[in-house]
Each structure stands twice: as C-alpha cells, then as structure tokens.
Amino acid sequence: AAGVIQSPRHLIKEKRETATLKCYPIPRHDTVYWYQQGPGQDPQFLISFYEKMQSDKGSIPDRFSAQQFSDYHSELNMSSLELGDSALYFCASSLGQLRDRANEKLFFGSGTQLSVL
Amino acid sequence: AQKITQTQPGMFVQEKEAVTLDCTYDTSDPSYGLFWYKQPSSGEMIFLIYQGSYDQQNATEGRYSLNFQKARKSANLVISASQLGDSAMYFCAMREGVGGYNKLIFGAGTRLAVHP
C-alpha cells in the first residue's frame, strides 16, 4: 500500500539559508500535518491543512510557511534557518471525515532530517 | 497542563515476556481518540493501535492491545511476547474530537529495550 512520501530524506543547510520540504500524502487523503521532532523530544505540531486550507496552527515560527496544493501534496518552506531548526520533520496524512474527527488515524512519512550548520 | 503523560522514560523487558507501557491523558472533550506509535532508531513513526473514547471494547492489533480505562483516563499499551525488534521509542498520542480535532498531541515517549 502507498504510504506518505517525504523528500528529501536528509538535508544539510547553512545558517540563514532556506529549505523546502515536500510531502506527498497517501492517495485520497485530504489532510496533511507537519510535525517537528528535536533530538530526544516528542513530535511538536506545526501546522495542518484540510482540503488545501490551513486548518490549524501550532508552534510554527514566522520564518516558516506551508501550503497544500491542488494535488494535496504539501510543502514546508523554512527561511533564515537557525541552528535550533535542526530536527526531524514529519509529514502525516489522514482521510478527513465529515463528522467526529477524533478517530482519524494519522499515517506518517519517514521524515526529513534537517541539519543546520 | 500536560495532555498526555508517559511516566516511564525507559523500560526493559526480557524477550518473549509481556510489557505494559503507561499513558494517561487529560481532556474535557467527550469525543477523543487515543493512539500509540512506534519509532525505531531509523526514525520513522509507525502507527500501532487506536482506541476511540466511545469504543466499548479494548482495541487489539496482533501482539498489541490497549488497556483503556476511561474513568482513570489511562490508555496503556500492552505488548505480548516481546521480540527484539520491539526495541524502540513508543509514543502515546491523543486527538480531541471538538476542540483540537485538527492535530494529534504526543506524550514524551517511553524507550523500550528488549533483552534476549
């Protein structure tokens, strides 16, 4: 079965550079989430999109932006990178339900390991 | 306040034995979902099991079962017949049906080591 695809798998950047992470959700999934996981930390929610509209926003810095495109893939754009941005960035997708969304299962990609030097 | 609490930073278990990983949660939403994910050293986040707040029976998926005690707000993961490949980080997570339905909130995780 197709899974969530993230690219690139690894990314090395210098301070103050920009980075773009891509996420391709499971086919037919309409909701995409971005999470940041620092070393030894639990994943922290950044932002989510449902049907190409931003649906929720977490602890995402103003230097970061994201969007979901018409084919449901999503991109996380990160500018003015800082050393503290070094982390594993996960994208997850789910199939939105019209009613109670508590039981939507999120499926994660393998993550993009970003290292800022 | 912490929404998801995993009080065991690390756990050890002997191969073939059962192990319980603890998780308590805090929500006032009557509708919520509880999830367990496994994160091996390779880094990917693997979905294991799900329990809905209205589910009458405890969820089971192969060797994984979820001991759901609603009144105590706990959702412990039980792994039976541990295998060496079960060594990983395990995260408990919650999704609220109304207030926070757009995101999954994770606990701090428990690192499980399975010994031969």
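Tabulated data for the structure shown
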| item | result |
| --- | --- |
| Checking A:Ser65 against (1) in contact with a Ser or Thr (Cβ under 7 Å, 6 or more places away or on another chain); (2) farther than 20 Å from B:Arg95 by Cα; (3) of a type in the set (Gly, Ala, Ser), the condition it does not meet | (1) |
| Residue check for A:Ser93: part of a strand (DSSP E or B), more than 25 Å from B:Glu96 (Cα to Cα) and within 14 Å of chain B (Cβ to nearest Cβ) | no |
| Some residue of region B:39-47 being at positive phi, more than 8 Å from chain A (Cβ to nearest Cβ) and surrounded by fewer than 14 Cβ atoms within 10 Å (Cβ to Cβ) | no |
| Some residue of region B:69-76 being in contact with an Asp or Glu (Cβ under 6 Å, 6 or more places away or on another chain) and either modelled with pLDDT under 90 or over 23 Å from A:Pro43 (Cα atoms) (or both) | no |
| Options A:Gln6, A:Gln67, A:Gln54: the member that is within 27 Å of B:Trp36 (Cβ to Cβ) and either surrounded by fewer than 21 Cβ atoms within 10 Å (Cβ to Cβ) or at pLDDT 90 or above (or both) | A:Gln6 |
| Residues of region B:19-38 classified as at the interface with another protein chain (Cβ under 10 Å from one of its Cβ atoms) and of a type in the set (Phe, Trp, Tyr), total | 3 |
| Selected residue (only one of A:Asp85, A:Asp71, A:Asp56 is in contact with a Ser or Thr (Cβ under 9 Å, 6 or more places away or on another chain) and either more than 14 Å from every other protein chain (Cβ to nearest Cβ) or not basic (Lys, Arg) (or both)) | A:Asp56 |
| Only listed residue being surrounded by fewer than 13 Cβ atoms within 10 Å (Cβ to Cβ) and not aliphatic (A, V, I, L, M), chosen from A:Pro27, A:Pro43 | A:Pro27 |
| Of all residues in region B:65-87 being surrounded by 14 or more Cβ atoms within 10 Å (Cβ to Cβ) and within 14 Å of another protein chain (Cβ to nearest Cβ), the one that is farthest from A:Leu88 (Cα to Cα) | B:Phe68 |
| Index of the failed condition, B:Arg95 passing every other in (1) of a type in the set (Lys, Arg); (2) modelled with pLDDT under 95; (3) surrounded by fewer than 21 Cβ atoms within 10 Å (Cβ to Cβ) | (3) |
| Leading residue by the ranking (farthest from the chain's Cα centre (by Cα)) among those in region A:51-99 that are among the charged types (D, E, K, R) and more than 21 Å from B:Phe106 (Cβ to Cβ) | A:Arg99 |
| Qualifying residues in region B:3-34 (those that are in contact with a Phe, Trp or Tyr (Cβ under 9 Å, 6 or more places away or on another chain) and under 20 Å from A:Gly40 (Cα atoms)) - the one surrounded by the most Cβ atoms within 10 Å (Cβ to Cβ) | B:Cys23 |
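The values are calculated or read from the model by the stated rules, or taken from the named source; none is laboratory data. Values in this document were obtained by computation on a predicted structure and should not be read as measured data. Note that each Cβ is placed from the backbone with ideal geometry, even for glycine, and that neighbours are counted across all protein chains shown.
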